[in-house]
1. R0 = 25 Å: FRET efficiency of B:TRP391 with A:HIS139, Cβ-based, nearest 0.05?
2. Going by average Cβ density within 10 Å per residue, which order do the peptides A:93-100, B:350-357, A:318-325 take, highest to lowest?
3. At 7 Å along Cα-to-Cβ for each site, give me the label-to-label distance between B:ARG346 and B:GLU243 in nm.
4. Considering only Cα-Cα distances, which of the following residue pairs are longer than 28 Å: B:LYS56/B:LYS331; A:LYS100/B:LYS310; B:LYS43/B:LYS247; B:LYS43/B:LYS321?
5. Quantify how strongly other chains surround peptide B:147-158 by giving the mean number of their Cβ atoms within 10 Å of each of its Cβ atoms.
6. If we count other beta carbons within 10 Å of each Cβ, what is the order of B:LEU125, A:LEU70, A:LEU109, fewest first?
7. What percent of all Cα-Cα pairs in the stretch A:176-243 falls into each 10 Å bin, going from 0 up to the bin containing the maximum distance?
8. Per 0.36 nm of contour for each residue apart, how much would the distance between A:THR3 and A:ARG39 grow if the chain were fully extended, relative to their Cα-Cα spacing?
Amino acid sequence: MTTMTIAKAINEGLRTALTDHPKSLLMGEDIGALGGVYRVTDGLIGEFGPDRVVDTPLAESGIIGTAIGLALRGYTPVCEIQFDGFVFPGFNQITTQLAKIHSRSNGNLSVPVVIRIPYGGGIGSIEHHSESPEALFAHTAGLRIITPSNPHDAYWMIQQAVQCQDPVIVFEPKRRYWLKGEVDVEAPGRAGDPFEAHVLRTGTDATIVAYGPLVPVALAAANAAEEDGHSLEVIDLRSISPIDFDTVTASVQKTGRLIVAHEAPTFGGIGGEIAARISERAFHSLEAPVIRVGGFHMPYPVAKVEEDYLPDIDRILEALDRALSY
Amino acid sequence: MGTHLPSTEFDGTAVDDQREADAEAVMGEPPAQMVQLLGPDGKPGFDPVFTDYARKLTPEVLRGLYADMAAIRRFDVEATALQRQGQLALWVPLTGQEAAQIGSGRASQPQDYIFPTYREHGVALTRNVDLAELLRQFRGVSNGGWNPKDTNFHLYTLVLAAQTLHAVGYAMGIQRDQKLAAANAAGSGNPAAEPAAAVIAYFGDGASSEGDVHESMVFASSYNAPVVFFCQNNHWAISVPTEVQTKVPLSNRAKGYGFPGIRVDGNDVIAVHAVTEWALEHARQGKGPVLIEAFTYRVGAHTTADDPTKYRQAAEEDAWKAKDPLARLEKYLRSEGMADQEFFARVKADGDELAAYVRRTTHDLETPDIRTAFANTYAEAHPLVAEELAWFEEYSAGFAGEEPAEEPARQAVTAQASPKAGH
C-alpha cells in the first residue's frame, strides 16, 4: 500500500499501461513537457518519448479522429481532453465514428480508444471549465463510461480502460485530483471490474447513489444523517455506461428508498435513468419516489455562485427528509 | 515569395532563410498548371515530371485502365436502375469520375490503406472489393458490407470528412510500425520486413469545407504523416457549386499547410495515375503528405434523391461530357493501335456480365437478423445489451405460431418515411 492523490494515481496507472502495452500511446494538448494542465501526464514524455506521449495540435476533433485511425492500425491511444467543455469539437468523432465503427463493421474492426476528460465544478474556474456532460455520451451505444472517485480505483480503472477492446471515456473528477488515499499497486482487489458499482457504506433506511466528485459528499451526508439517527447506504456507481443496476436494485430492496446525486443537470441526466430503471425493477420495495439531487437546468453558472449550484450535504439531507416523509 | 514574417514576436532575427529553402527542397515545386497527359481529343500531353511516370504504363496496363473504367460505369448504370426499381434505398452515382478513381486506385499498392468517402465505387473495384458487397449498405442490409482488412479498403463514411482524420491517424500508425520494425530488425540483425506503406484519404470539394479536413491537414503536416489527400473536385456539393466552397484552387490550400498540392485533370486517367503514383512514393519515402485535387465533374445527380436540373445548366453538363474520360482513352488506344474493335466488344460483354452478376446477387443479399446488431454493438460483453436481447427474445417468442404482419402495408409506411435527400 502506498498513499497518493488521484492525479498521481492516474499518472502511475498510465505509466504502467505504457510499460505493459508497447502499442499504447498518449495524445493531447500540452501533455508532453508541461505534463498536462493538471500535470496528470507529468514526466511521462521523458520516459517514453514523443512518439508515445504525443503533444498534439490544438484540435479536439483532430485528436480523437487521428486516435481512431491509430486504433484501426492496431494502437491503443489514450486521449486527454483538457476540460469537459472542450470535448464538444470532438463530439462528432466520438458519437458518429468512435462509438459505431465496431457495429458498422459487423464486428470486424475494433477501436479501443480511451478518452480522459477532467470534469465537474468546484474549482472556481471560468466558463466551459466545470461541466458534467456524461449523460450526452452515455446515451450513445458503443461507448463505455467510467469515473473513479478515489486513488486506488483511479490507478486501476485507467489501466482497465486501456485493456478494454471497446472505446472508454474516463471522466476524471477534477476537484478531487488532489484527494489522497491508499493505492495497492500490487493487486486491484475490489477495483477488479471497472463496470461494477461499490457499496461504500451499508445502511438500512435509504440508499444514496453517487459517482465521481459527489462520492465524498454522499459519504459525508450519510455520516451527518447517522447523527440524526438515520442509517444510509452509499453506493459509488463507478461506471456510468453500463450501469450496475443489480447492485443498486439489491440495495433498494433492502432500504426501500433511493436518492441519486450528481453534479450534472437533473433533467435528462443519469439520475433519471436510474430512477426509471429502479421503479421498474423494485417498485414494490420502494417506500417513496426515487429522488434526484443534481444541477439546475441552466448553463453551469459563474464561479462566484457555483456553491449554490453544486449538490452538497444539505441538499442530499433535504432529499432524504422528503424520501422519509412518505 | 511574399514578405518573410517572423514565426513569433519574440524571434529577434528574420526567418531563417536556410530553413525556408530546406522546406522548399522537401516539398519540391508542384506544377503551377493542371497536369494533363491525355487531352479530350485523345492526344498525349507533356509534363516534365509526370510524363516519365506515364511512359511506364504498358499497353496492357492502359487497356486494363479502360476496362476498369468501362466496368464501373456499367455497374453504376445497373445500380441506378436497381434503385429505381426499389431494390436499393439510395444510390450515389459516380459517372464522370471514373478516371479519377480508377487512375488513383490502380496507382496504389496492396499494402497502402484507402479511406473512401461514399462514392468511391471505382476505387473499390481496383481494391478487389466484391461490388455486390458494396451494395449491402445501399440495400439497407448492413452499415458496412465488407471486411476492410481483406482489401485495405475501409468502409464508406457518410459523415463528411470524418475519415480524413482516420487516414492521418492510420498513417501515424504506419510510421510507428516502421520504427518498431526497424528496432526489431536492429535487435535481431534481420532487415525490416515492414514494406513502406502510405494512406489515401478521399473526399470531395464539398467536404473540403468541413473542419475535419483542415485538422487532418494540420496533423498530417505536424507529424509528416505518409498520407495522400485525394480531393475529387466534382464541382457540386449536392446543389452548391465549388465557388461557394473556395475562392482559390483547392490544390493551393496545401501550400498553407506546408506540403505539395497538385491539380490534375481528373478526367485523364493517365495523368491521375502518374500524379498519384508520384504522391504515394513521396509519402512512402517519408517526405510527408501530398494534396491532389482531381479536377473532374459529377455528370449525373449527387444521389438518386437529387435533381440537378433544378440548379445547373445543360450547357455546363454538355461541356464536361465532351471531356469524357472513357472516350478520350478509347481515342488514344485506337489511334496508337493498342486496342481493336474486338477489345472494346469484349469490354462491353464483360461489363454486361458484371451487371448481371450484381443484379442477381443484389436480390440474394441476405437480410441480417437484428441479433447481429445486439452482438456487434460492443466488442466485449455488456449487461444492458444482454438484458435488452433477453427481453427481445422473450417478446419475440410470444409471437411464435402467429401469422407474419401484413408486409405490403408495412412497406408503404417505410416508403413514406424515407428521406428524400441525404448528404
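1. On the way: r = 19 Å, r/R0 = 0.76.
About 0.85, to the nearest 0.05.
2. Averaged packing, sorted descending, gives the order A:93-100, A:318-325, B:350-357.
3. Those two pseudo-labels are separated by 4.7 nm.
4. Numbers: B:LYS56/B:LYS331 19 Å; A:LYS100/B:LYS310 35 Å; B:LYS43/B:LYS247 31 Å; B:LYS43/B:LYS321 17 Å.
Result: A:LYS100/B:LYS310; B:LYS43/B:LYS247 exceed 28 Å.
5. On the way: counts 5, 4, 4, 1, 0, 0, 0, 5, 6, 1, 4, 2.
Mean inter-chain Cβ contacts per residue within 10 Å come to 3.
6. On the way: B:LEU125 24, A:LEU70 28, A:LEU109 20.
Lowest to highest Cβ neighbour count: A:LEU109, B:LEU125, A:LEU70.
7. Taking all Cα pairs of the stretch A:176-243, the binned fractions are 19, 45, 30, 5 percent.
8. Working: separation 36, 0.36 × 36 = 12.96 nm, distance 1.77 nm.
Length gained, A:THR3 through A:ARG39: 11.2 nm.
Where a number appears in this text, it was derived from the coordinates with a stated rule and is not lab data. Remember, predicted model here, so these are calculated numbers, not experimental data. Quick reminder, even Gly has a Cβ in these numbers, built from the backbone with ideal geometry, and neighbours come from all protein chains shown.
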